[in-house]
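The values are calculated or read from the model by the stated rules, or taken from the named source; none is laboratory data. Quick caveat, the model's predicted, so the values are computed rather than measured. For neighbour counting, all protein chains shown are included, and Cβ atoms are generated from backbone atoms with ideal geometry for every residue, glycine included. Please note that ligands, DNA and RNA were not included when accessible areas were found on the heavy atoms of the full protein model with its side chains. Shrake-Rupley method; radii C 1.70, N 1.55, O 1.52, S 1.80 Å.
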Amino acid sequence: MLSEKIQTAINQQINEEIFSAYIYLAMAAEADRLGLPGFSNWFKLQYQEELGHADRFFNYVLERNGEVDLLPIQKPEIGGESALSLFEKALAHERHITGCISNLKDLAMSESDHATDVFLEWFVNEQVEEEANAQLVIDQLRLIDGNPNGLFMIDRELANRTISSEA
Ligand code: OFO
């Protein structure tokens, strides 16, 4: 049985994960508008990963005999972006999510909810990867400094991303 506080916090996190998915879907559309199908593919797969994250929290609430409460989803603020600004926004958002997961973990520990604490471990590790993935593309984009050939090559690289079974 989940405590009321933890249940509320996890329901909020389901919303955060679906909002993350929504942001990445908006980014996929924006990248397509920029003529960058590889970037668009990367964001579209990230959108799917985020739905997977929401699903993990959703299933966990049900497994602990809790109640799922689906909250309204905010509109993502994406528009007039460059390839670099999209990834800068992605990294800023992932840092925000890392903070949410840390707060959730603090709450689980303060409530002595060991099951939730262990469940959250996967997300702690996932956030390290999520931030590193966004940072890598930012570094590459800064390296090419707007060079169209470089951008074309990064786009081709991002087109190779496939869905990971872990996420
Ligand atoms: Fe991007 O990790 Fe979930 O939100």
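Odds and ends about this structure:
- Across the stretch 84-108, the qualifying residues are those that are out of contact with any helix residue (DSSP H, G or I) (no Cβ under 6 Å at 6 or more places or on another chain) and of a type in the set (A, V, I, L, M), and the one among them that is least open to solvent (accessible area, probe 1.4 Å) is Ile97.
- Extreme residue, farthest from the chain's Cα centre (by Cα), among residues of the stretch 1-25 that are small (Gly, Ala, Ser) and more than 14 Å from the ligand (Cβ to nearest atom): Ser3
- Screening the candidates Arg95, Arg56, Arg64 for the property of being closer than 16 Å to Thr8 by Cα and within 13 Å of the ligand (Cβ to nearest atom) yields one hit, Arg56.
- Being within 16 Å of the ligand (Cβ to nearest atom), open to solvent by less than 20 Å² (accessible area, probe 1.4 Å), under 30 Å from Gly35 (Cα atoms) and out of contact with any Lys or Arg (no Cβ under 7 Å at 6 or more places or on another chain) is a condition met by at least one residue of the stretch 136-149.
- Yes/no for Leu158 being closer than 23 Å to His53 by Cα and surrounded by 14 or more Cβ atoms within 10 Å (Cβ to Cβ): yes
- For Glu63, the conditions (1) acidic (Asp, Glu); (2) open to solvent by 50 Å² or more (accessible area, probe 1.4 Å); (3) closer than 19 Å to Asp155 by Cα all hold with the exception of (3).
- Residue in the stretch 27-40 that is within 15 Å of the ligand (Cβ to nearest atom), assigned to a helix (DSSP H, G or I), of a type outside the set (Gly, Ala, Ser) and surrounded by 20 or more Cβ atoms within 10 Å (Cβ to Cβ) present: yes
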